[in-house]
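**Student:** One structure, pasted below without further comment.
Every read-out reported here was derived from the displayed coordinates using simple, explicitly stated rules and does not represent laboratory data. Owing to the predicted nature of the structure, the values given are computational and were not obtained by experimental measurement. Backbone-built Cβ (ideal geometry, glycine too); neighbour counts: all protein chains shown.
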């Protein structure tokens, strides 16, 4: 909301002495940060951010009340020339509890125009003057005092006026030119021919003030915030009036705003007051709120004199009575946000300043709870995969129906996971797989020239169920492109399906997941995180004795069939080797070349032995011979 | 005597030293050897033929000259052979030696996602204060997402323009914040609260709002919320905790500033700023010259939130805070475009998420 510094100073003269920067800091400290400052119409205007609970602050007067309370300086008196009420000229009937109070006046307009300074004020606030005094005066009041008013062309009103619930199906063309079909919950102002305004939201086209208007009927009412908010939302009509009534206008301002409007029309447009009258009365004030001293202390962070609370709340317009250990507070009519003791304790703190809150660490009662095993497990898997060269991704939880269908799984229909209001078709269903998103990310990387893709994601996937989608944290992994070739020891070759099998096995899985070929040389798998082995709970593992004697290594270069299983071979070799002494058995090189016999490849198997004594060459030779014999039994041959 | 030798032999004698020096390897030397002292067709063989054909009285002198030339060539070739063999040996020795200035083999480089790294870091920061981690589903009920948090029925956040709803389950939505985890946790712990003396936890996770994708908005993003419930908990404990945590995160000289604000689930509510960690509060592009950066929203838990969970606000109180992970990551890393976090370009992930 824009606030004009000159208009603010008219309400709180002490604000004029502040530099703009000081004023901005003061407003921010009260909870009204300033997003920007501009110079318009010869005055500085501040773009003030006002939270949704502070309808009372949405005007220059409202902002001035805050500044005055903080500075402990008086507001300028608000004393409009009083209007003497008389007999109603048009019958006004209140037929809904959503409008308990309706102050009005009937005036004949004379000649005259909106004063230039008012036009400049409205332009500075980006509210274009209409050059119709009845309309401009209403807008002027709205911005200065925050109470929305409305002027009807009185000669276009037919018969009595009633404030009532709309009948479903009734129509109204609003001031924006839109023909609206009304709902039964809408509160309307109606004449005997039908609705003429959406109460508290927008007037109707049929009774709007124009240059040919000669008589106006003024409206300065109080409408129930819930009713106004619901109507504004139903019709997507978010107006200056609905924002203020929807957040709670000051009922005590209704008659005052009417009087101010009458006075402006008399002085600007030479209007003649035919009569002013009020129907209904103020809505009942809420019950006073008891604020315990202990609450004031807890919220402030330290004990403060009770008198400080009394003083602060009175400065904000509250009526305060003191009882032992308690303040009994009646908030002012403009503060609908002060309903519970915490609200009032916050006000005392706010006026004192949040910068005065002491800084204390909370006492720790009882031992801290451990981190959940599943959480630690995901962290451990992520770190392990990152160390193995994989990049962790974060992709959207929703995908397109087509992408979901490409990975469809029986028993997980997309209908149970589909959004009713997606951002677009490509984001329409909560995904049942991570592989689709990973494949998109991998393809994007390939297009960008990456030679090898290693990506994984740990995120929920969704399974349709009768109670809604069930969520399951899933690990998805994708690998593809060209492996190696980036240093002199690693020859380049394409990533193979077998590489993913090895990776899956390396994660310690009891059961290998299905490896899927995803095109463009990409392979992937996914599995529930719950299927991964648990992260070790022990911080310090149990000591295992190790030998301090030297180990012995032997290499066996074997010719084996191209179809030979590495696992079969190593199991057979291990079976004939002393379990406690064999420390390692692994294939350290694979050689395939046309110089080798057809259908054969060479594997260099490395064996490492160690015991709690020095090993003798002969016994090692014996073990190696046994291992060779076991390999030969599977068709392997020692390479010449 | 010289006139008895043919011109080609005299020329060969002159050219030999130069030809010898030009031999760069043993193969070239072998070829030169054949040319000068080989059995057939060499310069030496031609000289022997001359000697045989020479008149008897000249044979002695001619023989002496020829022997002298042959000896000169053989000695020269031998010496050069020794030289070249030594050089080859030296070269071989070099070839066998590993050049320590070669770079090591490059292991594949991976990375944690920067958003996950930041969330992990936040957990590390709060862990010493006794906070554990609570998690909840991303598909939530309206009750957990709004009602339990004192968000009124007519709040605009409930509209389909702001929140994603499930077609087959109208009561379900994609959570708009991680606060439903607070509701779920409070409901669960309420019966044991007296025995435990309170609870304190972080709720990190993904949330969804119906925002178009642009450099500063995304329909999915991350939050980390924190909550503490105990006896006699007030604003001083919120400030003390945040001061500790934000200094651990941004540096020991970081200042924090609380400003009044409004959120339906806290009372009082506040925005929390930190002194700009990028310019030491001197004023820069990130803090828009103010020296302060807004980092999170916080406040004392609204009594209605406690009541919803069956916790008596007269006995228990607490505070909660919530921060946007992307916003903080963008600020700290000076990443100019939010979309980079979701494109998963390995080049970006490499620069942003290296392992500690």
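**Student:** Give the order of B:279, A:318 when sorted by the count of other beta carbons within 10 angstrom, beginning with the fewest.
**Tutor:** With the fewest neighbours first, B:279, A:318 line up as B:279, A:318.
**Student:** Let me ask you something else. Divide by every residue of chain A the summed helix terms, -39500 (n - 2.57) for each DSSP H run of at least 4, and state the resulting mean residue ellipticity at 222 nm, rounded to the nearest 500 deg cm²/dmol.
**Tutor:** -9000 deg cm²/dmol, from helical runs alone.
**Student:** Over the alpha carbons of the range B:167-283, what is the largest minus smallest coordinate on each principal axis, giving the biggest first in Å?
**Tutor:** 53, 47, 23
**Student:** Taking the radius of gyration and the Kirkwood hydrodynamic radius from Cα positions alone, what is the Rg/Rh ratio for the range B:123-172, to two decimal places?
**Tutor:** Radius of gyration relative to Kirkwood radius: 1.14.
**Student:** Going by alpha carbons, how many degrees (0 to 90, nearest 10) lie between the helix axis of A:253-269 and the longest principal axis of chain A?
**Tutor:** Long axis of A:253-269 versus the principal axis of chain A: about 60 degrees.
**Student:** In degrees, nearest 10, range 0 to 90: what is the angle between the Cα axis of helix B:235-250 and the longest Cα principal axis of chain B?
**Tutor:** Approximately 10 degrees, to the nearest 10.
**Student:** Using Cβ contacts closer than 10 Å as the measure, can you line up B:276, B:23 from fewest to most?
**Tutor:** Arranged by neighbour count, lowest to highest, B:276, B:23 become B:23, B:276.
**Student:** As a test of the formula, what do you get for chain B when each DSSP H run with n ≥ 4 contributes -39,500 (n - 2.57) and the sum is divided by the residue count, at 222 nm and rounded to the nearest 500 deg cm²/dmol?
**Tutor:** Values: 13 runs with 154 residues, N = 356.
Mean residue ellipticity at 222 nm (helix-derived): -13500 deg cm²/dmol.
**Student:** In square nanometres, what is one fourth of the surface area of the convex hull spanned by the alpha carbons of the range B:1-64?
**Tutor:** 4.6
**Student:** What angle, in degrees between 0 and 90 and rounded to the nearest 10, separates the Cα long axis of helix A:306-315 from the longest principal axis of the Cα atoms of chain A?
**Tutor:** Around 60 degrees separate the two axes.
**Student:** For the range A:545-601 and the range A:19-88, write down the distance between their C-alpha centroids in whole Å.
**Tutor:** 84
**Student:** Mean 1/r over all different Cα pairs, inverted: what Kirkwood radius does chain B give, in Å?
**Tutor:** 27.5
**Student:** Per 5 Å bin, what percent of the C-alpha pairs of the range A:92-209 does each bin hold, from zero upward?
**Tutor:** Reading upward from the zero bin: 2, 11, 19, 22, 19, 14, 9, 4, 1.
**Student:** Still on this model: Based only on the alpha carbon positions, what is the Kirkwood hydrodynamic radius of the range A:460-586, in angstrom?
**Tutor:** Here the Kirkwood hydrodynamic radius works out to 19.2 Å.
**Student:** If you don't mind, there's one more thing I want to ask. Taking only the alpha carbons of the range A:377-516, what extent do you get along each of the three principal axes, in Å, biggest first?
**Tutor:** Computed over the Cα atoms, the extents are 55, 35, 25 Å.
**Student:** So, one more: Within the range A:571-598, what residues put their amide N at less than 18 Å from the label point 7 Å along the Cα-to-Cβ vector of residue A:562?
**Tutor:** A:590-598
**Student:** Now a separate question. For residue B:168 and residue B:143, what does the FRET efficiency come to when R0 = 22 Å and r is the distance between their Cβ atoms, rounded to the nearest 0.05?
**Tutor:** With a Förster radius of 22 Å, E is 0.75.
**Student:** Applying a 10 Å radius around every beta-carbon, put A:378-387, A:606-615, A:66-75 in order of their mean neighbour count, most first.
**Tutor:** Packing proxy ranking, top to bottom: A:378-387, A:66-75, A:606-615.
**Student:** May I pose another question? Once the convex hull of the C-alpha atoms of chain A is built, how many Å³ does it hold per residue, rounded to a whole number?
**Tutor:** 269
**Student:** At what distance in angstrom do the alpha carbon centres of the range B:36-106 and the range B:121-163 lie from each other?
**Tutor:** 91
**Student:** Let me ask something additional. Per residue, how big is the convex hull of the range A:66-117 when only Cα atoms are used? Give it in Å³.
**Tutor:** Cα convex hull per residue, to the nearest whole number: 203 Å³.
**Student:** Considering the convex hull of the alpha carbon atoms of the range B:271-356, report its projected area averaged over all viewing directions, in nm², one decimal.
**Tutor:** Seen from a random direction, the Cα hull of the range B:271-356 projects 8.7 nm² on average.
**Student:** May I pose another question? For an R0 of 22 angstrom, estimate the FRET efficiency from the Cβ-Cβ distance between residue B:46 and residue B:19 and round to the nearest 0.05.
**Tutor:** Working from the Cβ atoms, E equals 0.85.
**Student:** Continuing with this model, one more query. With the radius of gyration and the Kirkwood radius both derived from the Cα set of the range A:480-546, what is their ratio Rg to Rh?
**Tutor:** 1.13
**Student:** May I ask what percent, to the nearest 5, of DSSP beta bridges between residues of the range A:402-519 are antiparallel?
**Tutor:** Taking every DSSP beta bridge with both residues in the range A:402-519, the antiparallel ones total about 100 percent.
**Student:** Multiply the residue separation of residue A:192 and residue A:589 by 0.36 nm, subtract the distance between their alpha-carbon atoms, and state the gained length in nm to one decimal.
**Tutor:** 133.2 nm
**Student:** Given the range A:185-279, what whole percent of its Cα pairs are spread farther than 20 Å?
**Tutor:** In whole percent, the long-distance tail amounts to 44.
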